[in-house]
Amino acid sequence: MTLDADLLIHSAAQVVTCASDVPKRGAAMQDVGLISHGAVVVKDGRILAIGPTESIRERYSALQVINASGQVVCPGFVDPHTHVVYGGDRLGEFEQRIRGATYLEIMAAGGGIVSTMRATREASVEALVVATLPRLAQMLRLGTTTAEVKTGYGLDLESELKMLEAIAALDLAQPIDLVPTFMPAHAVPPEFNGRAQAYVDWVVAEMIPAAAEWYQTSHFAVDGRPLFCDVFCEQNAFDLAQSRRVLEAGLAYGLPAKIHADEFTSLGGVGLAVELRATSVDHLDATTAADVARLAESNVVGIVLPAVNFNLGSHEFANARALIDAGAAIALSTDINPGSAPCPSLPLVLAIATRYQRLLPAEVLNAATINAAFGLGLGDRVGALTPGKQADLLLLNCTDYRQLAYQFGGNLVSTVVKNGRIL
Ligand code: NIG
Ligand code: FE
């Protein structure tokens with residue numbers, strides 16, 4: 001007798017599960033949970049069983065059956081750090097950088113994040129949704145099935161709440177599960193020029209309470225997805241004390257912490273993340289050896305974003321090799337945004353991380369699936385092919401998962417299954 005399921009995918013050259021109950025560290029990063037000639041069974045939108053094709057086919061039958069011979073099945077990718085909702089573009093700055101200006105120079109001259117703020121403030125919720133949908137569609141085609149999305153281009157109460165509304169509408173309008181992050185402390189807005197401290201006062205007193213209230217009545221709260229609070233801890237953005245105030249205020253209102261730390265300069269953001277038990281600390285380009293050790297001893301997930309370095313034409317990357325070797329839990333993300341990384345592709349990020357950060361194909365795959373899920377506090381529901389988890393999975397046009405990082409510039413994803421539904 002066989003058990004009834006909704007979907008059975010069988011005869012895959014490889015099924016890679018990326019399974020783990022905790023973020024992977026050290027040598028565990030080199031284990032992708034490989035099953036040769038594997039099969040996956042799905043019921044009610046969740047993984048029901050997984051194993052070698054023979055034994056699975058003996059035990060299960062399903063309404064929909066996919067023969068995945070010649071293909072790899074892996075978890076849907078989780079992109080744990082994005083600024084994908086924004087108005088306008090930064091094509092002019094792209095040309096300025098090609099001519100020699102740096103990202104920080106453009107930012108100090110009133111461009112950068114603040115220029116995207118102007119375009120975002122002018123856009124309606126509807127316009128932001130229309131501008132963002134094609135970006136999310138591209139990410140989905142490239143295998144992303146869960147993504148974090150930050151505010152931070154509104155920089156006033158009304159516009160930051162507008163961005164939250166756009167994120168909620170986008171979550172309902174397309175298949176990728178979105179996880180919202182409130183980031184009013186992304187840059188100092190022009191109204192507060194030279195008065196970062198006063199802006200932080202305003203963020204703490206008015207904006208964070210309003211966002212927490214918004215979250216309570218949002219569908220994200222009902223679904224058990226968190227609203228994170230994030231801050232850009234960087235010169236000409238927010239210093240360490242200001243970053244602490246923002247994150248502590250978020251925590252007081254029930255918003256778990258994330259922090260942009262050490263993107264260009266090390267201001268001590270890693271220590272703050274560890275102290276406040278942040279869910280993740282992101283960028284880590286300028287991280288000191290002492291902070292590498294501190295992060296490795298903590299439960300904070302380190303998220304590295306090598307598409308930023310690539311996009312800024314840099315030859316220096318976060319030392320993800322040292323971070324993993326020290327025992328830190330490392331995830332990868334696109335950071336898709338109009339300035340530092342207009343990149344929807346996690347596979348491209350994997351390709352960059354293997355070359356410039358010397359991570360192995362297995363390590364980058366775990367970093368973009370199970371560890372990225374833990375970087376969003378969702379390690380118990382997405383990021384791996386484990387019975388009980390959401391049936392978010394990919395069929396890849398290759399017979400060895402290492403092709404995912406080996407090839408670049410194309411797209412190996414042939415089919416996306418989201419919540420058990422073939423898209
Ligand atoms: O992660 N560093 C701050 N935020 C983004 C850049 C956003 C932008 O340039 O618009 C980042 O790199
Ligand atoms: Fe960012």
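Determine if the range 222-233 includes at least one residue that is touching a His at 6+ places or on another chain (Cβ under 8 Å), farther than 20 Å from Ile330 by Cα and within 16 Å of ligand 2 (Cβ to nearest atom). Give the derivation first.
Residues of the range 222-233 that are touching a His at 6+ places or on another chain (Cβ under 8 Å), as a first pass: 230-233.
From what's left, farther than 20 Å from Ile330 by Cα: none.
No, the conditions are met nowhere in the range 222-233.
So, Ile35, is that one touching a residue at least 24 places away in the same chain (Cβ under 8 Å) and not assigned by TED's automatic domain parsing to the domain that holds Ala368 or not? I'd like the intermediate steps shown before the answer.
Values: touching a residue at least 24 places away in the same chain (Cβ under 8 Å): no; not assigned by TED's automatic domain parsing to the domain that holds Ala368: yes.
Judged against the criteria, Ile35 is not a match.
Inspect the range 120-130 for any residue being at pLDDT 95 or above and within 16 Å of ligand 2 (Cβ to nearest atom) and give the result as yes or no.
If we filter the range 120-130 for residues that are at pLDDT 95 or above, which is where we start, we get 120-130.
From what is left, the residues that are within 16 Å of ligand 2 (Cβ to nearest atom) are 120.
Checked the range 120-130: at least one residue is at pLDDT 95 or above and within 16 Å of ligand 2 (Cβ to nearest atom).
Checking the condition assigned to a strand (DSSP E or B), at positive phi, surrounded by fewer than 21 Cβ atoms within 10 Å (Cβ to Cβ) and among the small types (Gly, Ala, Ser), which residue from Ser61, Ser36, Ser11 passes? If you could, list the steps in order and put the result at the bottom.
Values: Ser61 fails: at positive phi; Ser36 fails: at positive phi.
Result of the check over Ser61, Ser36, Ser11: Ser11.
Does any residue of the range 50-66 turn out to be within 28 Å of the chain's Cα centre (by Cα) and not aromatic (Phe, Trp, Tyr)?
To start, the set of residues in the range 50-66 that are within 28 Å of the chain's Cα centre (by Cα) comprises 50.
Still in the list and also not aromatic (Phe, Trp, Tyr): 50.
Yes: the range 50-66 contains one or more residues that are within 28 Å of the chain's Cα centre (by Cα) and not aromatic (Phe, Trp, Tyr).
Given (1) within 18 Å of Val16 (Cα to Cα); (2) away from ligand 2 (no atom under 16 Å from the Cβ); (3) not in a loop (DSSP other than H, G, I, E, B), where does Leu348 come up short, assuming only one miss?
Leu348 satisfies all of (1) within 18 Å of Val16 (Cα to Cα); (2) away from ligand 2 (no atom under 16 Å from the Cβ); (3) not in a loop (DSSP other than H, G, I, E, B) except (1).
Listed residues Ala147, Ala123; which is within 16 Å of ligand 1 (Cβ to nearest atom) and either farther than 30 Å from Ser314 by Cβ or in the same structural domain as Lys43 (by TED's automatic domain parsing) (or both)? Lay out the reasoning, then the answer.
Details: Ala147 fails: either farther than 30 Å from Ser314 by Cβ or in the same structural domain as Lys43 (by TED's automatic domain parsing) (or both).
Going through Ala147, Ala123 in turn, just one is within 16 Å of ligand 1 (Cβ to nearest atom) and either farther than 30 Å from Ser314 by Cβ or in the same structural domain as Lys43 (by TED's automatic domain parsing) (or both): Ala123.
Could you check, for the range 310-324, whether at least one of its residues is away from ligand 2 (no atom under 13 Å from the Cβ), part of a strand (DSSP E or B) and touching a helix residue (DSSP H, G or I) at 6+ places or on another chain (Cβ under 8 Å)?
no
Could you figure out which of (1) surrounded by 24 or more Cβ atoms within 10 Å (Cβ to Cβ); (2) of a type in the set (A, V, I, L, M); (3) touching a helix residue (DSSP H, G or I) at 6+ places or on another chain (Cβ under 9 Å) isn't true of Leu348?
(1)
Could you check how many residues of the range 263-295 are under 18 Å from the mean Cα position of the chain (by Cα) and either of a type in the set (Lys, Arg) or open to solvent by 10 Å² or more (accessible area, probe 1.4 Å) (or both)? Please lay out each step first, then the result.
To start, the set of residues in the range 263-295 that are under 18 Å from the mean Cα position of the chain (by Cα) comprises 263, 273, 278-285.
Applying the additional criterion that residues be either of a type in the set (Lys, Arg) or open to solvent by 10 Å² or more (accessible area, probe 1.4 Å) (or both) yields 263, 279, 285.
Counting residues in the range 263-295 that are under 18 Å from the mean Cα position of the chain (by Cα) and either of a type in the set (Lys, Arg) or open to solvent by 10 Å² or more (accessible area, probe 1.4 Å) (or both) gives 3.
Just to be sure I understand the filter: pairs with C-beta atoms under 6 Å, separated by 6 or more residues or on different chains, first member in the range 71-86 and open to solvent by 10 Å² or more (accessible area, probe 1.4 Å), second member among the aromatic types (Phe, Trp, Tyr) and within 16 Å of ligand 2 (Cβ to nearest atom). Which pairs pass?
If the second residue must be among the aromatic types (Phe, Trp, Tyr) and within 16 Å of ligand 2 (Cβ to nearest atom), the pairs left are Tyr86/Tyr153.
Matching residues to (1) under 24 Å from Pro226 (Cα atoms); (2) hydrophobic (A, V, I, L, M, F, W, C); (3) surrounded by fewer than 22 Cβ atoms within 10 Å (Cβ to Cβ):
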position: Ala119; (1), (2), (3): no, yes, yes
position: Ser124; (1), (2), (3): no, no, yes
position: Ala127; (1), (2), (3): no, yes, yes
position: Ala131; (1), (2), (3): no, yes, yes
position: Arg141; (1), (2), (3): no, no, yes
position: Thr144; (1), (2), (3): yes, no, no
position: Gly152; (1), (2), (3): yes, no, no
position: Leu161; (1), (2), (3): yes, yes, yes
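Whether any residue in the range 307-315 is open to solvent by 10 Å² or more (accessible area, probe 1.4 Å), among the polar types (S, T, N, Q), more than 21 Å from Ala68 (Cβ to Cβ) and free of Cβ contacts under 8 Å to residues at least 12 places away in the same chain is what I want to check.
Restricting attention to the range 307-315, the residues satisfying the condition of being open to solvent by 10 Å² or more (accessible area, probe 1.4 Å) are 309-315.
Going one step further and asking which of them are among the polar types (S, T, N, Q), we end up with 309, 311, 314.
Narrowing the set further to residues that are more than 21 Å from Ala68 (Cβ to Cβ) leaves 309, 311, 314.
With the extra rule that they be free of Cβ contacts under 8 Å to residues at least 12 places away in the same chain, the set shrinks to 314.
Within the range 307-315, one or more residues are open to solvent by 10 Å² or more (accessible area, probe 1.4 Å), among the polar types (S, T, N, Q), more than 21 Å from Ala68 (Cβ to Cβ) and free of Cβ contacts under 8 Å to residues at least 12 places away in the same chain.
Checking the condition within 16 Å of ligand 1 (Cβ to nearest atom) and either open to solvent by 30 Å² or more (accessible area, probe 1.4 Å) or in contact with a Pro (Cβ under 7 Å, 6 or more places away or on another chain) (or both), which residue from Phe238, Phe220, Phe232, Phe228 passes?
Details: Phe238 fails: either open to solvent by 30 Å² or more (accessible area, probe 1.4 Å) or in contact with a Pro (Cβ under 7 Å, 6 or more places away or on another chain) (or both); Phe220 fails: within 16 Å of ligand 1 (Cβ to nearest atom); Phe232 fails: either open to solvent by 30 Å² or more (accessible area, probe 1.4 Å) or in contact with a Pro (Cβ under 7 Å, 6 or more places away or on another chain) (or both).
Of the residues listed, the single one that is within 16 Å of ligand 1 (Cβ to nearest atom) and either open to solvent by 30 Å² or more (accessible area, probe 1.4 Å) or in contact with a Pro (Cβ under 7 Å, 6 or more places away or on another chain) (or both) is Phe228.
The values are calculated or read from the model by the stated rules, or taken from the named source; none is laboratory data. Quick caveat: nothing in here was measured; it's all calculated off a predicted structure. With ideal geometry, Cβ positions are generated from the backbone for all residues, glycine too; neighbour counts draw on all protein chains shown. What goes into the accessible areas is simple: the full protein's heavy atoms, side chains included, and nothing from ligands, DNA or RNA. Shrake-Rupley method; radii C 1.70, N 1.55, O 1.52, S 1.80 Å.
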